[in-house]
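What follows is a short report on a single structure.
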Amino acid sequence: MVERRQFGQIMRLPSGRYQARYADPKGRVTEAGKRLRHNAPHTFTTKGDAEAWLVDERRLLSAGTWSPPAVRLMNSSAKPVTLGDYAQGWLAARKVKGQPLADRTRDHYQDLLDRFILPTFGEVPLTDISPAAVAHWYDTAAADRPTYQAHAYSLLRAIMRTAADPTKNNGTPLIPYNPCGISGGGSAGGKRKIKPATVDEILTIVQNMPTKHRLMVILADSCALRFGELSELRRMDVDTKNAVIHIRRSVVRSKSAGVVAKAPKSEAGIRDVPIPPDILDLVIEHRRQHAAPGLQGLMFPGANGSHLAPSAFYGKVSKKRRGKPDTRGWGWYEARRLAGREDLRFHDLRHGALTEAARHGATLAELMALGGHSTSYAAMRYQQAASDRLAELARKRAEARGWRADTH
């Protein structure tokens, strides 16, 4: 017996159960030319249950979210998407400001996934990752390494944000909301406090570096150049006549792409840096003795004229061994040990150069130009680091008004 209704039909079967169906809302027909009908995926114990199913189907049509019941059943029985599967596709398609991720950024993200995220969530369906699970993972995954903890959390949050965004998933979010809601979870807390090297410490480091690498330390400390910029510096980039270094390229190393020389990631990185007059002769002498030949010759060549490998510059620290001969140290690590500055990173020399420029009155625009910064945020750090100049300026203003130290 078939009961006709305003929407759909309910039929009582010989077994006593009820079947519900309705005509295709788009008027489609079968291959035989008959009107296509959609059956409920199962039969019902009562007529009321069958009516309720039809009511739900009509609501989907009214809301504009309807799809054939058979399609929905197939999707619901499909294997759930795990974070591991989704993260790999996310990483491959990820773009920043419309551009693919830089090779080193992609390598960093993959490292965070492999070491901190996938061991916990790799096999877990996206829909099963709860705020409680994220909180427990955050507290245990890298609790003793706050920087990695913050970076890993930020990456997981970005992945789950995409999964919850209907515009990134063909109009249907894969999860109802982003479970990553830890306040401040992406912050590593206070930044490392850098103590700039003194003149004597720099002198000790330079004297204990291999001769061919001494100028790298001097240029980082005097001109605020990065290691990658120094590694790619060529004869044609060094204009000793006008005492200018033209920064046009930098070396980038990554696991996926290897060693690549390319333009800086922002236009601000392309800049001309003046050579201080007190080191100009050192630059000329280094180019004469150590640079590779030709205009394209590297100023600091590595093995076989290739780019200098970081390991060839950093070297190793000497060690005392009980009952055995002590190991000899060399390179940056040994030189900074001899200077009593084992905490000093090579990049800290650049920080010191910019801080000194700020102390001597460099404006924000001048600091950005010297450091190759595209935003004022980074350059402002060096002005803040040089804030002790404020006391000196206050003293000078007082002197201009007639104050004298010898009268107080």
Check: What pairs from K95/K168; K79/K168; K255/K320; K97/K265 go past 22 Å between their alpha carbons?
Finding: K255/K320
Check: Regarding region 231-305, what whole-number volume in Å³ per residue does the convex hull of its Cα atoms give?
Finding: 100
Next item on the list: Neighbouring Cβ atoms within 10 Å as the yardstick, rank D326, D165 fewest first.
Entry: D326, D165
Next item on the list: Let me know the Rg and Dmax you get for region 83-168 when you use only its Cα atoms, in Å.
Entry: 12.7, 37
Next item on the list: Can you tell me which of 87-94, 55-62 comes out highest on packing, and rank the rest after it, using the mean Cβ neighbours within 10 Å?
Entry: 87-94, 55-62
Check: When the Karplus curve 6.51 cos²θ - 1.76 cosθ + 1.60 is applied with θ = phi - 60°, which whole-Hz ³J(HN,Hα) does each residue of region 31-41 get, with x for Gly and Pro?
Finding: 4, 7, x, 8, 5, 6, 10, 10, 8, 4, x
Notebook entry, point to check: At 222 nm, what helix-only mean residue ellipticity would the chain give, in deg cm²/dmol to the nearest 500, using -39500 (n - 2.57) for each DSSP H run of four or more?
Noted result: -12000 deg cm²/dmol
Note to self: Please compute the contact order of region 2-76 in relative form: average sequence separation of alpha-carbon pairs under 8 Å and at least six residues apart, divided by the residue count, as a percent.
What the structure shows: 25
Margin query: Between V71 and R94, what's the calculated FRET efficiency when r is the beta-carbon distance and R0 is 35 Å? Round to 0.05.
Written below: 0.75
Check: Could you give the nm distance between label points at K34 and N170, where each point is 7 Å from its Cα heading toward the beta carbon?
Finding: 3.0
Check: Dividing the convex hull volume of the Cα atoms of the chain by its residue count, what figure in Å³ per residue is obtained?
Finding: 313
Check: Top mean-square fluctuation among P293, P25, P274, Gaussian network model of the chain, C-alpha springs under 10 Å?
Finding: P25
Checklist line | Vicinal HN-Hα couplings computed from phi for region 144-152 (Karplus, 6.51 cos²θ - 1.76 cosθ + 1.60; Hz; Gly/Pro x) | finding: 8, 10, x, 5, 5, 4, 5, 5, 5
Item checked: Among T375, T82, T43: highest mean-square fluctuation, GNM of the chain, C-alpha pairs under 10 Å -> T43
Next item on the list: At a Cα cut-off below 19 Å, give the aspartates and glutamates reachable from K319, other chains included and same-chain residues fewer than 8 away excluded.
Entry: E334, E342, D343
Item checked: Nearby aspartates and glutamates by direct alpha-carbon distance to K212 (threshold 12 angstrom, same-chain neighbours under 8 apart not counted) -> E285
Next item on the list: Would you mind telling me which residue in G171, G305, G181 has the biggest mean-square fluctuation in a Gaussian network model of the chain, where springs connect alpha carbons within a distance under 10 angstrom?
Entry: G171
Item checked: Set of lysines with alpha-carbon distance to K47 below 27 Å, sequence-local pairs under 8 removed -> K26, K34
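We did not get these values from a lab; they are worked out from the coordinates using the rules stated. All values reported here derive from a predicted model rather than from experimental measurement. Methodologically, a virtual Cβ is constructed for each residue, glycine included, from the backbone with ideal geometry; neighbour enumeration extends over all protein chains shown.
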